[in-house]
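Only one structure is covered here, and it is reproduced in the block below.
The values are calculated or read from the model by the stated rules, or taken from the named source; none is laboratory data. Quick caveat, the model's predicted, so the values are computed rather than measured. Heads up, the Cβs are rebuilt from the backbone with ideal geometry, glycines too, and the neighbour counts pull from every protein chain shown.
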Amino acid sequence: MKTLYLKKSLLLLICLLAFASSRAQVKYLASADEVRAFTKKTSLLLKDNNTTEFFKVMKQYWPMPENELANLEEKTIKGFNLIAPRFGKVEDVVKIKEETIKDLGLRETYFIKYQYSVVRLIYTYYRNNNGWTINGFKWDTEFSNEFQ
């Protein structure tokens, strides 16, 4: 009887731990100024080709499944490796735009400037009652829309 109780208790504990680890706690950025500093910091990581550290930092504030983040990280590494020879030497990171929707949405756009072209980084943040989290991130080599 006691053994059955211990087995059930152990099974319940394992299930609770598995559930807790599958739903890792997301951190929150406290203010829009903290969001801006975070975006600058992570953009510099990509500029320096430190993609692994970039995603390690990003995932703390991004409620996205691990497998999707790993997939995006892999595509980012491959993509940056493909464009590096074509775009030349990395020169700088420049913030080119900030857009807000009241006090609940913030989007920042950065360029990583290369010798011959740029990579555009677009970060989107959402503020809930706990603070700011990453709602989306994308990068591309298209910047003609920025002339509008």
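Observations on the structure shown:
- Taking the criterion of being loosely packed, with under 15 Cβ neighbours inside 10 Å, in contact (Cβ under 8 Å) with a residue 12 or more places away in the chain and among the charged types (D, E, K, R), the residues of the stretch 99-148 that qualify are Asp103, Lys138, Asp140, Glu142, Glu146.
- Considering Arg36, Arg86, the condition of being out of contact with any Gly (no Cβ under 9 Å at 6 or more places or on another chain), closer than 27 Å to Phe147 by Cβ, surrounded by 15 or more Cβ atoms within 10 Å (Cβ to Cβ) and of a type in the set (Lys, Arg) is satisfied by Arg36 alone.
- Residues of the stretch 71-129 satisfying the condition of being in a helix (DSSP H, G or I), acidic (Asp, Glu) and under 24 Å from Val35 (Cα atoms): Glu73
- Here Ile96 meets each of (1) in contact with a helix residue (DSSP H, G or I) (Cβ under 7 Å, 6 or more places away or on another chain); (2) of a type in the set (A, V, I, L, M, F, W, C); (3) surrounded by fewer than 15 Cβ atoms within 10 Å (Cβ to Cβ); (4) at pLDDT below 95 with one exception, condition (4).
- In this structure, Lys8 does not qualify as at pLDDT below 95, surrounded by fewer than 10 Cβ atoms within 10 Å (Cβ to Cβ) and either under 20 Å from Trp132 (Cβ atoms) or among the basic types (Lys, Arg) (or both).
- Here Val35 meets the list (1) β-branched (Val, Ile, Thr); (2) under 15 Å from the mean Cα position of the chain (by Cα); (3) not in a helix (DSSP H, G or I) almost entirely, failing just condition (3).
- Residue within the stretch 79-96 that is within 18 Å of Lys138 (Cβ to Cβ), of a type outside the set (Lys, Arg) and within 11 Å of the chain's Cα centre (by Cα) present: no
- Among the candidates Tyr125, Tyr110, residue that is in contact with a Gly (Cβ under 8 Å, 6 or more places away or on another chain) and at pLDDT 95 or above: Tyr125
- Boolean, Asn49 is surrounded by 11 or more Cβ atoms within 10 Å (Cβ to Cβ), farther than 22 Å from Glu146 by Cβ and without any contact (Cβ under 8 Å) to a residue 12 or more places away in the chain: no
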